[in-house]
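Report on one structure; see the data block that follows.
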């Protein structure tokens with residue numbers, strides 16, 4: 001049951017943010033430069049992005065330590081998954097972690 005929730009959250013974490021990203025690129029003729037410039041344009045957007053960057057760092061440490069603890073192979077694949085988004089990578093890791101723990105029983 002947990003695995004089903006995690007895989008749903010993985011799909012949601014991919015589609016929901018990218019809906020807004022695609023809308024942004026459609027409005028800006030697919031040019032990424034305005035997106036990069038706007039990431040830290042205001043103090044509020046800078047705060048959200050700083051929080052996200054710290055959360056990604058915490059996620060990387062958690063993935064490394066938890067993978068070593070439970071002997072999960074190929075743990076490093078979840079690190080580049082954060083390039084897609086933390087909302088994608090984190091539930092994906094939880095899905096594979098749960099699968100690994102179920103198979104280890």
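Quick notes on this one:
- Residue satisfying condition, being without any contact (Cβ under 8 Å) to a residue 12 or more places away in the chain and either in contact with a strand residue (DSSP E or B) (Cβ under 7 Å, 6 or more places away or on another chain) or under 21 Å from residue 13 (Cα atoms) (or both), within set 52, 79, 83: 83
- Of the helices (runs of 4 or more DSSP H) lying entirely inside region 1-93, those containing at least 1 residues that are at pLDDT 95 or above and in contact with a helix residue (DSSP H, G or I) (Cβ under 8 Å, 6 or more places away or on another chain) are 2-27, 43-70.
- Among the residues of this structure, residue 43 does not count as one that is surrounded by fewer than 12 Cβ atoms within 10 Å (Cβ to Cβ), under 30 Å from residue 1 (Cα atoms), without any contact (Cβ under 8 Å) to a residue 24 or more places away in the chain and more than 12 Å from the chain's Cα centre (by Cα).
The values are calculated or read from the model by the stated rules, or taken from the named source; none is laboratory data. In this text, all values refer to a predicted model and were calculated from it rather than measured experimentally. Positions of Cβ are backbone-derived with ideal geometry, glycine not excepted, and every protein chain shown enters the neighbour counts.
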